[in-house]
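**Student:** Before anything else, here's the structure in question.
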Amino acid sequence: MASKDLVHGASKSLNKTISEIMRFLGDNSRRQGGKGTRLRDFLHEKIADFGTYWYKRGVRRGHMESYKEFKKTGEVAMKFHYEGKREFFRGLERRVRVTSKIKMPTTKQGRTKGKSH
């Protein structure tokens, strides 16, 4: 009996954690369910989604920092694009595509300042 209670408590805890991560990510996709569902594998997928989310934010942050450099030097790419593979959770490698764009102020002649790389 105690073993069933432990299993029920563990799956309840995993479900709660998965729900919180999905809520944070705004993920309204269908959840796996039913007896024998591999909750831990599904949780690992959601943790990898979470890692991807923060990775993309970090790349965008780097682009914003390069914009600060543009203000000082006058040159920086207006559009930054990165494609690569990253492991966001043990054994879960994902292809990541990140594009970051900075809106450049226009001059009086209607042209933008800076270079596009």
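Here, each number is a calculation from the coordinates, and none is a lab measurement. These numbers were taken from a predicted model, which means no experiment stands behind them. All Cβ positions, even for glycine, are placed from backbone atoms using ideal geometry, and neighbour counts span all protein chains on display.
**Student:** Kindly identify region 23-90 as rounded, prolate or oblate by the Cα gyration tensor criterion: order the square roots of the eigenvalues as a ≥ b ≥ c, call it rounded if a/c is under 1.5, otherwise compare a/b with b/c, prolate if a/b is larger, else oblate.
**Tutor:** Here region 23-90 falls in the prolate category.
**Student:** Can I ask one more? Tell me, what is the FRET efficiency for Arg30 and Arg60 to the nearest 0.05, using R0 = 35 angstrom and their Cβ-Cβ distance as r?
**Tutor:** Approximately 0.75, to the nearest 0.05.
**Student:** What is the calculated FRET efficiency for Tyr82 to Leu14, with r their C-beta to C-beta distance and R₀ = 25 Å, to the nearest 0.05?
**Tutor:** The formula returns an efficiency of 0.15 here.
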